[in-house]
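Below you'll find the structure, written out as structure tokens, and then a few comments.
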């Protein structure tokens, strides 16, 4: 890697993100899950009333087309189901099934183990500072200039 690229903060952040995603991908594979599928199951577990595909796409930071593919894969495996919204006739909500909840429970243990391994590399003070730095970066980059 050239010195110009190696010294770019954005490159370092991206490499850290890719390392985390790669490690989670490895541990989730045993459950026939990808990181996006796992993320959707996790989101659906937090919203028992269900979520629309548009809501899931926004929360997951993916395109509607990508979310459509993720949802189709989850539905095919019987891990989520779609039903009409009770609030809006034209909206379809996606809900976790019993088998989806079961696979999520196992997969989440493994995903949390990966995060715990990373967390263990820092002291409590370092971790707090690290999270503060990341939150500051998010705020700074999210500001409209």
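Nothing in this text is a laboratory measurement; each read-out follows from the coordinates by a stated rule. Since the structure is predicted, the reported quantities are computational estimates derived from the model, not experimental observations. For neighbour counting, all protein chains shown are included, and Cβ atoms are generated from backbone atoms with ideal geometry for every residue, glycine included.
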One finds, for residue 106 and residue 5 with R0 = 30 angstrom and r their Cβ-Cβ distance, a FRET efficiency to the nearest 0.05 of 0.20
Checking the a/c ratio against 1.5 first, then a/b against b/c, what shape does the Cα gyration tensor give for the stretch 44-145? oblate
Gain upon complete extension [residue 114, residue 87; 0.36 nm per residue less C-alpha separation]: 5.9 nm
Before anything else, pin down the relative contact order of the chain: Cα pairs under 8 Å, at least 6 apart, normalised by residue count, whole percent. 21
Value of Rg to Rh for the stretch 69-119 (Rh from inverse mean 1/r over Cα pairs, i.e. Kirkwood): 1.15
Rounded to the nearest 500 deg cm²/dmol, what is the calculated helix-only ellipticity per residue at 222 nm for the chain, with -39500 (n - 2.57) per DSSP H run of length n ≥ 4? -22000 deg cm²/dmol
